[in-house]
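To start, the structure itself, in C-alpha cells.
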C-alpha cells in the first residue's frame, strides 16, 4: 500500500543564545567566555504563560540535551518596546517532551503588563556565559495543552516569585513587520513508502527543525513518533532538506525552531 505524506507547518521558537546546563548543583561564578562571544546554550525558554491570578507570568526552560538539570542566569522579557532583564535562581530545565517535570520561573510585575516574548540571555557557572538567545513567544490558553497548563499553574502556585525590575525602553521598531514566526519556504517531498503495517490507515510524525538565520535547516528531531521507523525517517528526510523563511525578532532575522507534522495516509 502506498502512503502519501502531507506536511502541515506549525510555528516554533526563534533562535537568537546559549551554554551548559548543570545536571547537579548549579555552580555560580564568573563566565570564562568573553562578553562579546555568544554561544548556543544547552537550555532555552520553553513557554511564557500568563498566570490566571495576579500580574505574574510563568516561564519554563527546556534542556536541549534531553536531560533534567538546574539552570540559572539572566532572562529578558519583552513587552512591546520595553525590556525587562532579571537574574533568576536555579530552576529545573527538562526535556520539552516531558513538560510536566519542568519547574517554572514565576516573574511578578507591579502592574498588569502583556509580555510578548522572552529569551535566555546568559547562563551562570564556569561553563556558562552569554547566550545566543532563543525567543519564546507567549503561549495563549488552548485545549490542546489544557492538562499541561493546569499542572503548570499548580506548580507556579507553589513557587516563590521573582520581582520584575524596572523596564528598559528600547527604540521603536523601524521595519513594517518587526516580528514574525518562521515558515516553510521550499518543501522537499518525503520518500514514498510502501507498507501495510498501519492498522488505523494513517499516522502522524511531528518533527522539530532547528533553522538558522538564513532559513537553512541545521538539525531535525522527531518529537512525536509514528512508532514506524520508516515513516519517522521519511519525515526527517523531508524536514532536514527543506528550506525555511527565518523568524524575525525586532526587525532582525534570527535562527529558531520550526515544527511541522508529516501525515501519512493510505
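The values are calculated or read from the model by the stated rules, or taken from the named source; none is laboratory data. Only a predicted model underlies this, so the values are computations on that prediction, with no experimental measurement involved. Cβ: placed from backbone, ideal geometry, glycine included. Neighbour counts: every protein chain shown.
Here are the numbers:
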read-out	value
Qualifying strands (runs of 3 or more DSSP E) (wholly inside the stretch 36-148; at least 1 residues being modelled with pLDDT of 70 or more and in contact with a helix residue (DSSP H, G or I) (Cβ under 7 Å, 6 or more places away or on another chain))	43-50, 56-63, 82-94, 105-108
Residue among 162, 205 that is closer than 30 Å to residue 89 by Cα and in contact with a strand residue (DSSP E or B) (Cβ under 8 Å, 6 or more places away or on another chain)	162
Condition check for residue 73: assigned by TED's automatic domain parsing to the domain that holds residue 161 and surrounded by 23 or more Cβ atoms within 10 Å (Cβ to Cβ)	yes
Where a residue in the stretch 224-241 is in the same structural domain as residue 192 (by TED's automatic domain parsing) and its partner, wherever it lies, is loosely packed, with under 15 Cβ neighbours inside 10 Å and assigned to a helix (DSSP H, G or I), with Cβ under 7 Å and at least six apart	none
Residue in the stretch 250-265 that is over 19 Å from the mean Cα position of the chain (by Cα) and in a loop (DSSP other than H, G, I, E, B) present	yes
Failed criterion for residue 227 (all others in (1) on the phi > 0 side of the Ramachandran plot; (2) crowded, with 20+ Cβ neighbours inside 10 Å hold)	(2)
Residues (part of a loop (DSSP other than H, G, I, E, B) and at pLDDT 85 or above) located in the stretch 167-181	167, 170, 171
Failed item, numbered, when residue 211 is tested on (1) surrounded by fewer than 19 Cβ atoms within 10 Å (Cβ to Cβ); (2) under 15 Å from the mean Cα position of the chain (by Cα)	(1)
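For (1) outside any strand (DSSP E or B); (2) farther than 30 Å from residue 83 by Cβ; (3) at pLDDT 80 or above, each residue gets a yes or a no:
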| residue | (1), (2), (3) |
| --- | --- |
| 156 | yes, no, yes |
| 165 | yes, no, yes |
| 189 | yes, yes, yes |
| 206 | no, yes, yes |
| 213 | yes, no, yes |
| 230 | yes, yes, yes |
| 236 | yes, yes, yes |
